[in-house]
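Where a number appears in this text, it was derived from the coordinates with a stated rule and is not lab data. Here the structure is a predicted model, which is why all the values come from computation and not from measurement.
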Amino acid sequence: MSLLASLFRIVVLGLLVWLVGRLFRGLARAAPPTAGPRAASPTGTRAPGTPERLVRDPHCGVALPQSRAIAWNGEFFCSEACRSAHAAGAPAARRGAAPSA
Ligand SMILES: [Zn+2]
């Protein structure tokens with residue numbers, strides 16, 4: 001009988017410890033109402049560090065970040081000069097070997 005009694009005491013003690021631990025954990029979780037993780041800004045701006053999309057200038061062939069490119073007619077240009085030259089129908093910059101007649 002005394003064995004059963006001590007067993008019972010151990011079980012009750014364990015239950016008590018578990019309960020206290022649970023209570024403390026609950027308190028710790030509920031304590032800081034202002035220290036929650038801040039939600040990302042909802043403005044929809046690109047998160048810093050995100051690699052930017054590169055676009056290619058169809059006129060001179062240079063690649064540059066889209067935010068720094070000049071968008072025109074669904075194409076992206078590195079400079080206003082390239083854009084206007086392309087718009088004017090100027091031939092793209094020659095690439096090396098042009099066999100002369
Ligand atoms: Zn260009």
Long-range amide H partners of PHE77 with built H, under 5 Å
ILE70, ALA71, TRP72
The ³J(HN,Hα) series, computed from each phi in segment 12-23 with the Karplus coefficients 6.51, -1.76 and 1.60 at θ = phi - 60°, rounded to the nearest Hz and given as x for glycine or proline, is 5, 4, x, 4, 5, 4, 4, 5, 5, x, 5, 4
